[in-house]
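To start, the structure under review is shown below, and the notes come after it.
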Amino acid sequence: MRYSGFRLLAQGLTGNRGWRPVWRDPEPKPHYDIVIVGGGGHGLATAYYLAREHGLRNVAVLEKGYLGGGNVGRNTTIVRANYFLPGNSEFYSHSLKLWEGLSQELNFNVMHSQRGLINLFHSDGQRDAFARRGNAMINQGDDAILLDREGVRAILPYLDFEQARFPIHGGLYHPRGGTARHDAVAWGYARGADSRGVDLIQNCEVTGIDIEGGRVRGVQTSRGPIRAGKVGIVVAGRSGQVAAMAGLRLPIESHILQAFVTEGLKPVIDHVVSFGMGHFYISQSDKGGLVFGGDLDFHASYAQRGNLPMAEHVMEAGMTLMPMIGKARILRSWGGIMDMTPDGSPIIDRTSVDGLYVNCGWCYGGFKAVPGSGWSFAHLLATGRHHDPAARFRLDRFARGDLLDEEGTGSCHNLH
Amino acid sequence: MRITCPLCGARDRREFHYLGCAVYLDRPGPQAPPEAWEDYLHLRDNPAGETRDLWQHAAGCGAWLVVGRNTLSHAVLSVRLASDVRAGAQ
């Protein structure tokens, strides 16, 4: 069923009785060419592009809970392409271009809103670093504008520019940055994959990975064994545990990241604002809630909930940046499990087991990467070759010392 | 979350700095092969359950601690001085 203005009108006039479930609920088949473990944004996007770009339809996505119930439904929805390092820059640039056509491509409104992203700076040194980053973004073909203090004041008049600790000197403006409706991305890809014949199997937990003679043969699941030609692991914070079923250790430590939302307000914050020195960033959802977050809680965790010290720190940073936020009331907070790598960059690669592939290590930047990650992982699964923009996301780069440390904070899982 | 420092008693998590997995105590020797450094710096068991990691009582006595924790519940299960753990291992 395609969505259109006409269909909406027709359904509205006939009591909305004609809508149907947008994906099937199939029983698992005994064999698939490709099994994707994990029905989150990245897994669903991978399945979609396998079918759409490579014509591979004998594909299953196995999800232990429900589709989109993990980090794709728990993130702060920011979409941007403001990376600096070769390897990251071209990948996120490609992903942003996919975002820009995504609602049309999927015939599903992902509410991609390019409202502009401003990264604030507070010193001459930071200004130089952001000027350099902006030039790298422009060289990549993306957009960046270096704003001075008055330039920032013109679009973000509500910030406290004269704060004592971090007076605002300016910002790097990325007009094509913005937000999207996180659940809709998962649902849109799920619907697109399902309509092309991919089996989306929910409540199906993978409990083992079958390997014979160094080659993957299938998976054991809570709904029985499934044979597979290739298996792709796309399970974010649970990557270490699923990889362990194949006897692998990954360079991943799972950490907790918190986010917060206020009660709904009238439009007040028109952009995405990032206050890096306070580890604070904020945007306003279309529903009106101020959505914001901070840094990791810094210790390994699978709890999907945070601790009070980081919640306090985030609130303090918010009050420092924009004192008006003190008038808003927090509606709720939550946490997600971040698959942190030692250099803060992801992994899209094959493993030492033939036919077994991993897509993980997105740290806390996975949402904007969903289209690009799905595209590149599908390319790798289908062709056996790395997709050029993701060719540096290798599993062995750590052993080779060829790190992609975007923030330059060193080889430690919780510092990115 | 509170951690009981063996020297100072139970204190708020804010007083402690987290370094990472307790594998950081087992630094490879100068003749160790590259794979040992890969294990030491990058690869992690990353358990969903009981784990051991290194914390420093940074805003207290400064001692390095090996803390046994549960990553699912945030429960602190055991705290030992890192110096005792190393002495016990030798």
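Can you compute the FRET efficiency between A:R115 and B:S73 using 1/(1 + (r/R0)^6), with r the Cβ-Cβ distance and R0 = 35 Å? Round to the nearest 0.05. Each step should come with its number before you reach the end.
Numbers: r = 39 Å, r/R0 = 1.11.
With R0 = 35 Å, the Cβ-Cβ based efficiency is 0.35.
With chain A treated as a Gaussian network of Cα nodes joined by springs under 10 Å, which of A:L96, A:L257, A:L331 yields the largest mean-square fluctuation?
Result: A:L331 has the largest fluctuation of those listed.
Need the C-alpha centroid separation for the stretch A:1-47 versus the stretch A:62-91, integer Å.
21
For chain A, modelled as a Gaussian network with Cα springs under 10 Å, which listed residue fluctuates most, A:K64, A:K368, A:K327?
A:K327
Roughly how many nanometres apart are two label points built 7 Å out from the Cα toward the Cβ at A:R153 and A:R223?
Taking the simple label geometry, A:R153 and A:R223 are separated by 6.0 nm.
Determine the distance separating the Cα centre of the stretch A:294-361 from the Cα centre of the stretch A:250-264; give it in Å without decimals.
Result: 3 Å between the Cα centres.
Given R₀ = 56 Å, FRET efficiency for A:E316-A:T14 by Cβ-Cβ distance, to 0.05? Intermediate values should be presented prior to the final figure.
Numbers: r = 53 Å, r/R0 = 0.95.
In this case the efficiency is close to 0.60.
Calculate for chain A the 222 nm mean residue ellipticity that helices alone would give, adding -39,500 (n - 2.57) per DSSP H run of length 4 or more and normalising by residue count, nearest 500 deg cm²/dmol.
Values: 11 runs with 115 residues, N = 416.
Mean residue ellipticity at 222 nm (helix-derived): -8000 deg cm²/dmol.
How far apart, in nm, are two points set 7 Å out from the Cα along the Cα-to-Cβ line at A:F6 and at B:D45?
According to this spin-label approximation, the distance is 6.3 nm.
Mind checking the stretch A:105-186 for GluC sites (Glu not before Pro) that DSSP puts in a loop (not H, G, I, E or B) and that have at most 10 other Cβ atoms within 10 Å? All intermediate terms of the calculation are to be shown ahead of the outcome.
Working: sites: A:E105, A:E150, A:E162; in loops: A:E162.
Counting only loop positions with at most 10 other Cβ atoms within 10 Å, the GluC sites (Glu not before Pro) in the stretch A:105-186 are A:E162.
Where in the stretch A:395-416 does the amide nitrogen come within less than 20 Å of the point 7 Å from the Cα of B:A58, taken along Cα to Cβ?
Flagged as within label range: A:407-416.
How would you order A:83-95, A:217-229 from highest to lowest mean count of nearby Cβ atoms within 10 Å? All intermediate terms of the calculation are to be shown ahead of the outcome.
Working: A:83-95: 21.0, A:217-229: 17.9.
Output ranking for A:83-95, A:217-229: A:83-95, A:217-229.
How many angstrom separate the Cα center of the stretch A:101-132 from the Cα center of the stretch B:26-52?
Result: 37 Å between the Cα centres.
Would you kindly derive the ³J(HN,Hα) couplings of the stretch A:139-148 from the backbone phi angles with the Karplus curve 6.51 cos²θ - 1.76 cosθ + 1.60 (θ = phi - 60°), listing them in order in whole Hz, with x for Gly and Pro?
Each residue's phi maps through the Karplus curve to give 4, 6, x, 9, 10, 7, 10, 8, 9, 8 Hz.
Taking amide H positions as placed 1.01 Å from N in the peptide plane, with prolines and chain starts having none, which residues 5 or more places from A:F121, or on another chain, fall under 5 Å of its amide H?
Residues meeting the amide H criterion: A:H169, A:G170, A:G171, A:L172.
Percent relative contact order of chain A, based on C-alpha pairs within less than 8 angstrom and at least six residues apart?
Values: 945 pairs, mean separation 90.3, N = 416.
Reported relative contact order: 22 percent.
What residues qualify as long-range amide H neighbours of B:T71, i.e. H under 5 Å apart, gap of 5 or more or another chain, H built at 1.01 Å from N?
B:G49, B:E50, B:T51
Could I have the simple spin-label model distance between A:M277 and A:R249, label points 7 Å from Cα toward Cβ, reported in nm to one decimal?
A separation of 4.1 nm, rounded to one decimal place.
Set the Förster radius R0 to 35 Å, insert the Cβ-Cβ distance between A:E53 and B:D26 as r into 1/(1 + (r/R0)^6), and round the FRET efficiency to 0.05.
My answer for the efficiency is 0.15.
Laboratory data are not the source of any read-out in this text; all were calculated from the coordinates shown. Because the structure is predicted, anything quoted here is derived from the model rather than measured. Positions of Cβ are generated from backbone atoms using ideal geometry, with glycine treated the same way; all protein chains shown enter the neighbour counts.
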